[in-house]
1. Here are some conditions: (1) surrounded by 15 or more Cβ atoms within 10 Å (Cβ to Cβ); (2) on the phi > 0 side of the Ramachandran plot. Phe26 meets all but one. Which one does it not meet?
2. Restricting the first residue to region 214-231 and requiring it to be under 20 Å from Ser193 (Cβ atoms) and open to solvent by less than 40 Å² (accessible area, probe 1.4 Å), which pairs with a second residue that is modelled with pLDDT under 85 and assigned to a helix (DSSP H, G or I) meet a Cβ separation below 6 Å and a spacing of at least six or different chains?
3. Kindly check whether there is at least one residue in region 88-99 that is farther than 26 Å from Lys124 by Cα and out of contact with any Cys (no Cβ under 6 Å at 6 or more places or on another chain).
4. Among the residues that make up region 169-180, is at least one of them open to solvent by less than 60 Å² (accessible area, probe 1.4 Å) and closer than 30 Å to Arg125 by Cβ?
5. What are the pairs with Cβ atoms under 7 angstrom where one residue, in region 160-188, is under 26 Å from Gly130 (Cα atoms) and the other, located anywhere, is in a loop (DSSP other than H, G, I, E, B)? Sequence gap at least six, or different chains.
6. Scanning region 1-22 for residues that are open to solvent by less than 70 Å² (accessible area, probe 1.4 Å) and either in a helix (DSSP H, G or I) or polar (S, T, N, Q) (or both), which turns out modelled with the lowest pLDDT?
7. Looking at Ile95, Ile47, which is the one that is out of contact with any helix residue (DSSP H, G or I) (no Cβ under 6 Å at 6 or more places or on another chain) and closer than 25 Å to Leu146 by Cβ?
8. Which residue pairs have Cβ atoms closer than 6 Å, lie 6 or more positions apart in sequence or on different chains, and pair a first residue in region 79-91 that is at pLDDT 85 or above with a second residue that is open to solvent by 80 Å² or more (accessible area, probe 1.4 Å)?
Amino acid sequence: MIQKLSAAIDVTIGTEQGHPMSPELFKVYIHELSIRLEQIEELNVPILNGIKVSHLLWADDLVLLALDAFSLQTLLNCLHDYAEKWELSVNIEKISVMVFNTSSRTLKCSYGFKLGSLDIIPVKRYCYLGIQFSLNGSFKQAIDELRKKALRSFFSMRRIINTKALSTSTMLKLIDSLVKPVATYACPVWLSSTNIVKAILSKKEEVSLPKSAAKDPLETTHLKILKWILY
């Protein structure tokens with residue numbers, strides 16, 4: 001291999017890939033956006049414990065929340081103006097609109113939203129921070145995805161570990177360390193929608209906790225894993 005240096009490349013916008021200043025500069029830029037979104041008046045947005053929640057922001061993952069079309073478009077306009085001012089790029093292919101409703105259908109009011117001159121496509125499901133959100137507010141799809149990921153983690157572990165050479169207690173510790181965190185990811189969000197929790201909170205005498213547990217997808221997956229370990 002011939003050791004040579006390429007011509008110098010001037011970085012005129014942003015930072016190099018992996019540059020230590022990148023996350024610090026991004027926090028400086030994105031902080032003002034959050035303030036601007038909070039300062040917009042006369043918006044119809046969700047209220048949690050007396051606090052208006054117009055958006056959720058985790059690193060560069062932003063969710064805009066509104067209870068009517070005008071408020072949502074106003075938030076989108078604020079995002080667009082801010083991105084234009086500071087030359088921030090927004091990937092329109094990763095932006096979607098969800099109008100939650102009990103019918104699980106894409107309503108007509110889901111269409112017509114824009115980020116600048118670009119149309120935003122409505123969707124029936126959207127993955128935010130690793131959790132699947134559905135139009136009807138159900139976490140059934142999210143739980144099923146976690147169940148599949150947990151099974152993949154278990155089988156990956158079995159491929160690289162001789163399970164027959166390990167004791168049952170050691171295997172259970174491995175399950176708790178490598179599989180359980182995958183299956184219970186973000187459980188404070190979806191746990192209340194599971195059959196087991198609903199059965200525990202139910203005051204109806206005919207509701208059976210063991211039967212509810214037997215129908216729970218994560219619990220049945222847990223039982224299968226235990227059987228594979230023991231037999």
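1. (2)
2. Between residues of region 214-231 that are under 20 Å from Ser193 (Cβ atoms) and open to solvent by less than 40 Å² (accessible area, probe 1.4 Å) and residues that are modelled with pLDDT under 85 and assigned to a helix (DSSP H, G or I), the close pairs are Asp216/Asn195; Asp216/Ile196.
3. yes
4. Among the residues of region 169-180, at least one is open to solvent by less than 60 Å² (accessible area, probe 1.4 Å) and closer than 30 Å to Arg125 by Cβ, which makes the answer yes.
5. Tyr185/Gly130; Ala186/Gly130
6. Thr15
7. Result of the check over Ile95, Ile47: Ile95.
8. Taking only residues 6 or more apart or on different chains, the pairs are Trp86/Tyr29.
The values are calculated or read from the model by the stated rules, or taken from the named source; none is laboratory data. None of the values given here were measured: they were computed from a predicted structure. Reconstructed Cβ throughout: ideal geometry from the backbone, glycine too, with neighbour counts over all protein chains shown. Accessible surface areas use protein heavy atoms only, side chains included; no ligands, DNA or RNA. Shrake-Rupley method; radii C 1.70, N 1.55, O 1.52, S 1.80 Å.
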